[in-house]
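Structure record follows, encoded as structure tokens.
The values are calculated or read from the model by the stated rules, or taken from the named source; none is laboratory data. What you see is a predicted model; the values in this text were computed from it and never measured. Note that each Cβ is placed from the backbone with ideal geometry, even for glycine, and that neighbours are counted across all protein chains shown. For the accessible areas, the whole protein counts, side chains as well, though only heavy atoms, and no ligand, DNA or RNA atoms are used. Shrake-Rupley method; radii C 1.70, N 1.55, O 1.52, S 1.80 Å.
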Amino acid sequence: MADDTTDTKSSNQMWGGRFASGPDAIMEEINASIGFDKKLFAQDIRGSIAHATMLAHQGIISAEDKDKIVHGLNTILSEIESGNFEFSRQLEDIHMNVEARLATLIGPAAGRLHTARSRNDQVALDFRLWVKEELQKTEQMLTGLIAAFLDRAEEHAESVMPGFTHLQAAQPVTFGHHCMAYVEMFGRDRSRVRHAIEHLDESPIGAAALAGTGYPIDRHMTAKALGFREPTRNSIDTVSDRDFAIEFLSIAAIAGMHLSRLAEEIVIWSTPQFGFVRLSDAFSTGSSIMPQKKNPDAAELVRAKTGRINGSLVALLTIMKGLPLAYSKDMQEDKEQVFDAAESLELAIAAMTGMVRDMTVNTARMKAAAGSGYSTATDLADWLVREAGLPFRDAHHVTGRAVALAESKGCDLAELPLSDLQAIHAAITDKVYDVLTVEASVASRKSFGGTAPSEVRRQIAFWRARN
């Protein structure tokens with residue numbers, strides 16, 4: 001049976017070297033968030049100024065105290081921005097650090113600032129403001145990426161390349177059309193960003209700890225001052241909601257997935273085997289041992305960043321999934337996930353925008369590849385349906401025989417003699433050669449949203465009008 005008494009030395013050894021002072025050190029380490037939530041300093045001060053102004057307007061604090069508070073908060077803002085503010089882990093978070101410094105600067109008036117609010121609604125406000133600003137930044141960056149693709153699409157509206165399914169050459173398309181596929185993807189991402197801003201555009205301040213407050217506050221006034229559409233409508237939900245953060249991470253994960261797909265294509269296209277594009281030195285690195293190598297490191301890192309973003313989304317979903325209403329300390333773990341994902345997404349969009357604008361497109365190599373793999377076979381089948389009146393399934397069978405013959409002769413479909421084609425089906429005439437070139441193939445795809453250069457230009461004009 002162990003002795004109930006333990007000396008201080010052995011107790012400290014049990015906690016380990018990092019926590020030599022025992023449980024108090026562990027509690028400080030696990031409880032403190034100032035190491036990361038100091039990023040919210042501008043939002044915290046902005047929210048406090050709006051809150052103090054509202055309190056004075058409602059007669060809850062004096063105008064004199066309000067003026068002292070606002071002046072003190074602006075002084076703290078300047079100190080932090082200039083790097084002259086000393087953050088303290090003992091004060092746990094950004095809110096208490098700012099409040100403690102305010103008390104030093106203006107004395108007892110600082111104690112009136114926290115009237116009619118709690119750290120619960122205060123952190124909800126700070127974080128919501130930060131996410132809203134980050135979404136607005138993401139919207140601008142996606143607009144820039146879309147613009148880069150529109151420029152490349154316009155430049156290459158007629159540049160033929162192979163279109164792929166299963167990473168096998170399928171049908172000829174234009175590089176402009178391929179670029180416009182990414183315009184659509186990133187356009188959807190931007191639309192999700194705009195919807196997310198609309199969803200979170202409600203002010204949490206005034207919900208207090210969870211039940212609201214008995215003070216005669218004006219939440220509509222603070223909402224307007226902080227640029228929100230209106231205040232939130234349920235105080236319990238307000239302090240326990242992190243949907244806006246999860247939605248940001250969801251958007252980041254989807255956008256990251258799109259960026260990663262593009263990065264994968266750039267990695268493939270820039271290989272000597274494909275040679276479709278060449279990245280500039282600004283977005284490539286060399287090998288430490290192989291002087292001939294030019295590695296698409298920027299694209300590879302964009303592809304990798306997606307994994308971090310996905311991890312952040314899963315982490316926050318897992319943190320929130322079992323929490324009863326209202327606030328729980330678990331929610332302190334929300335910010336690092338969002339901050340990290342935001343940084344990764346910003347970097348990935350910036351890098352990809354640079355690569356799209358900067359890369360050299362090898363149109364000759366693309367055109368040569370577009371004709372490989374009998375990519376105009378579908379055009380032959382369509383011609384047989386349209387000109388010879390065959391049912392499509394019959395035309396498909398005839399085309400398959402033509403492809404097999406071309407394979408056996410080691411030539412393209414367009415190089416088969418007319419006599420060979422007519423031996424397969426008598427209805428084939430020399431007009432069939434009008435559709436067997438890759439240029440004729442893409443020009444014929446004039447259906448809405450198709451790859452014909454005229455249709456690509458129509459979609460470019462549509463997106464330029466809305467971008």
Nonlocal amide H pairs with Val277, under 5 Å, H built at 1.01 Å
Ser270, Asn362
At 37 °C and 0.692 mPa s, the Stokes-Einstein diffusion coefficient in µm²/s for the range 394-467, with hydrodynamic radius from the Kirkwood sum on alpha carbon pairs, is 228 µm²/s
For the range 223-253, state which trypsin sites (Lys or Arg not before Pro) are in a DSSP loop and have at most 13 other beta carbons lying within 10 Å of their beta carbon.
Arg229, Arg233
Show which lysines lie in cross-link reach of Lys409 when reach means a straight Cα distance below 24 angstrom and same-chain residues fewer than eight apart are skipped.
Lys367, Lys431
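Within the range 380-467, which chymotrypsin sites (Phe, Trp or Tyr not before Pro) sit in a loop by DSSP and count at most 11 neighbouring Cβ atoms inside 10 Å?
Details: sites: Trp383, Phe392, Tyr433, Phe448, Phe462, Trp463; in loops: Phe448.
The qualifying sites are Phe448.
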Based on the alpha-carbon set only, what is the convex hull volume of the range 190-250 divided per residue, in Å³?
75 Å³
Calculated log₁₀ intensity ratio I(q)/I(0) where the Debye formula runs over C-alpha points of the range 51-151, q = 0.10, 0.12, 0.13, 0.22 Å⁻¹
-0.40, -0.53, -0.60, -1.21
Residues of type lysines that Lys39 reaches as a straight line, Cα spacing below 23 Å, ignoring anything fewer than 8 places off in the same chain:
Lys132, Lys137, Lys305, Lys329, Lys335
So what is the relative contact order of the chain, in percent, for Cα pairs below 8 Å that sit 6 or more residues apart?
16 percent
Tell me the label only: which of (i) 179; (ii) 262; (iii) 243 is volume of the Cα convex hull per residue in Å³ as calculated from this structure?
(ii)
Rg in Å to one decimal, and Dmax rounded to a whole Å, for the range 289-405 via C-alpha atoms:
26.0, 73
Long-range amide H partners of Val173 with built H, under 5 Å
Met161, Gly163
Orientation-averaged projected area, Cα convex hull of the range 112-219 (nm²):
10.0 nm²
Over all directions, how big on average is the projection of the convex hull of the alpha-carbon atoms in the range 166-219, in square nanometres?
7.1 nm²
Any idea of the accessible area per residue across the chain, 1.4 Å probe, to the nearest Å²?
48 Å²
Measuring from its Cα centre, the range 368-462 shows a charge dipole (+1 at each Lys and Arg Cβ, -1 at each Asp and Glu Cβ) which, in debye to the nearest 20, is 340 debye
Tensor-based shape of the range 63-103 (alpha-carbon gyration tensor, a/c under 1.5 rounded, otherwise prolate or oblate):
oblate
Can you list the HN-Hα couplings for the range 218-227, worked out from phi with the Karplus curve (6.51, -1.76, 1.60; θ = phi - 60°), rounded to whole Hz and with x for Gly and Pro?
10, 5, 5, 5, 5, 4, 5, 5, 9, x
On the protein heavy atoms, probe 1.4 angstrom, tell me the percent of accessible surface of the range 28-97 carried by carbon and sulfur.
48 percent
Excluding ligands, DNA and RNA, the carbon-plus-sulfur percentage of the accessible area of the range 247-378 with a 1.4 Å probe reads 56 percent
Phi-based couplings in Hz for the range 341-349 (Karplus 6.51, -1.76, 1.60; Gly and Pro marked x)
5, 4, 5, 5, 5, 4, 5, 5, 5
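Pulled fully out, how much extra length does the chain show between His166 and Val385, if you take 0.36 nm times their separation in residues and subtract their Cα-Cα distance?
Gain on stretching His166 to Val385: 76.2 nm.
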What does the net charge come to around Leu91 if you take all other residues with beta carbon closer than 10 Å to its beta carbon, with K and R at +1 and D and E at -1?
-1
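Give, rounded to the nearest 20 debye, the magnitude of the charge dipole that the chain has about its Cα centre when Lys and Arg contribute +1 at Cβ and Asp and Glu contribute -1 at Cβ.
920 debye
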Sequence-distant residues sharing a close amide H with Ile61 (under 5 Å, placed H):
Ala56
Value of relative contact order over the range 66-161, rounded to a whole percent, pairs C-alpha under 8 Å and six or more apart:
24 percent
Mean separation of Cα contacts under 8 Å (6+ apart) over length of the range 158-208, as relative contact order %:
23 percent
